[in-house]
Amino acid sequence: MKIYKLLFLLIMLYSSTAVVARPKEIDYSKSFKDGDMIIQTGLGFGVPGNHGDSTIVPPVSVAFDWAKALGKKDLPFSFGGIIGYGRDLDKYTSLGYKTEIAYNYFLIGARIFFHFNLHKELDLYAGLMFGYTIVSTNVTTSLPAGTSVNTEGSYFTPGVVAGARYFLTDNLAIYGELGYTFGYINGGVAFKL
C-alpha cells in the first residue's frame with residue numbers, strides 16, 4: 001500500500017508544480033484537442049464491493065472519452081463512459097459439504113475528467129465516475145438439498161480517478177489510473193480515433 005501512496009504523492013507533486021509553471025499560452029498536448037475521441041482497454045486490480053475470496057477474472061474494462069474544451073478559456077475536459085467485467089470465487093465447507101459461489105460483476109458508467117496537459121506526450125487527468133455494478137452469482141454445492149444465496153448485491157458505484165496517458169505515437173498510448181472505480185488500479189492501452 002505504501003507504493004500506491006508514494007505514486008499518488010508524486011503525481012500530485014508533479015501536477016501542482018507544473019500548474020504553477022504553466023505558460024499563459026495553453027499548448028494542449030497531442031492527447032487532448034477539442035473533439036478528439038479516445039478508447040482504452042485494460043485490466044484492473046481489486047473490485048470495490050467484491051464478495052469473493054479469490055479473483056478468477058480481474059476487472060477488465062473498456063472506456064471511451066470525448067475531449068471538449070469548455071468556457072471562455074477552453075478548459076480541457078473530457079466526457080465518456082465505461083463498461084467492465086470481473087469475477088470472484090468464494091469457497092467454503094460446512095458439515096463436510098463443499099460450496100462454491102462465483103460472483104460476476106458487470107459495470108456500466110459515465111466519466112468526466114479535467115486534463116492538465118502539462119507535457120507534449122503526457123496527458124494527466126483527474127475526475128469522477130458514476131456507475132452501476134450489477135452482481136450475479138452462480139452456486140455449486142454438494143449439499144443434498146442445495147443452498148440459498150442472496151443474489152441482490154448490485155450497487156451504485158461512484159468513483160474518484162487520477163490517471164495518466166503516455167502517447168507512444170500520435171494515436172497509441174499506455175495508461176494507468178488510480179482511484180475508486182471498477183478496479184483500484186487500472187492500466188492498459190489507449191487509442192485515439
The answer for the net charge of residues other than Glu100 whose Cβ lies under 14 angstrom from its Cβ, with Lys and Arg +1 and Asp and Glu -1, is 0
Highest mean packing first, using Cβ neighbours within 10 angstrom, the peptides 67-75, 110-118 sort as 110-118, 67-75
So the FRET efficiency between Asp74 and Ile108, C-beta based with R0 = 22 Å and rounded to 0.05, is 0.15
Expected sort for 121-130, 85-94 on mean C-beta neighbours within 10 Å, highest first, is 121-130, 85-94
With x for Gly and Pro, the residue-by-residue ³J(HN,Hα) of region 95-103, computed from phi through the Karplus equation 6.51 cos²θ - 1.76 cosθ + 1.60 at θ = phi - 60° and given in whole Hz, is 6, x, 9, 9, 9, 10, 10, 9, 9
From most to least accessible, 1.4 Å probe, no ligand or DNA/RNA atoms counted, Val189, Val135 line up as Val189, Val135
Protection proxy (average C-beta count within 10 Å per residue), highest first, orders 167-175, 179-187 as 179-187, 167-175
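The values are calculated or read from the model by the stated rules, or taken from the named source; none is laboratory data. Given the structure is predicted, the values throughout are model-derived calculations rather than measurements. For neighbour counting, all protein chains shown are included, and Cβ atoms are generated from backbone atoms with ideal geometry for every residue, glycine included. Ligands, DNA and RNA are excluded from the accessible area calculation, which covers all protein heavy atoms including side chains. Shrake-Rupley method; radii C 1.70, N 1.55, O 1.52, S 1.80 Å.
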